[in-house]
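The values are calculated or read from the model by the stated rules, or taken from the named source; none is laboratory data. Remember, it's a predicted structure, so these values are computed and weren't measured experimentally. As a convention, Cβ positions derive from the backbone with ideal geometry for all residues, glycine included, and neighbour counts pool all protein chains shown.
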Amino acid sequence: MAEKGVDPFAGLDRFKPKTEQKPEALSSDIDKISRDNNFPSRQAAPETPVKRRFGASVERKQLNIRVRVDDFERFYRMAEDQQVHALGDLFTLALDALERQLSDGGIDESK
């Protein structure tokens, strides 16, 4: 016959929830204590514009797409070959080329 183990929850009835509410600290009291102890509150630093290297005047948006591995490698290889610093710039070049091709008569699927 298996022995009965110690019940870890047997003594929990001794614990009761606290019924009294702690008084909330007043904002003015906190401010006075911080001033008296030379502990100023942290103020937000003034926002300084981030200096961007290129494309700062153009609004940007994130585009996450899933592509085939060979297309991914081809895209990065083209970025390196064209010495493009931002992948979004290569994307713009690709869209421009596609628009030119479509306006010149479309895409030739036989290739």
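Please indicate, with yes or no, whether at least one residue in region 35-46 is at pLDDT 85 or above, surrounded by fewer than 10 Cβ atoms within 10 Å (Cβ to Cβ) and in a helix (DSSP H, G or I). Yes: region 35-46 contains one or more residues that are at pLDDT 85 or above, surrounded by fewer than 10 Cβ atoms within 10 Å (Cβ to Cβ) and in a helix (DSSP H, G or I). If you check LEU63, LEU95 for being assigned to a helix (DSSP H, G or I) and not acidic (Asp, Glu), only one passes: LEU95. Residues in region 73-94 that are within 26 Å of the chain's Cα centre (by Cα) and within 21 Å of ILE107 (Cα to Cα): 4 in all.
Please work out if VAL58 is at pLDDT 90 or above and either on the phi > 0 side of the Ramachandran plot or in a loop (DSSP other than H, G, I, E, B) (or both). For VAL58, the condition - at pLDDT 90 or above and either on the phi > 0 side of the Ramachandran plot or in a loop (DSSP other than H, G, I, E, B) (or both) - is not met.
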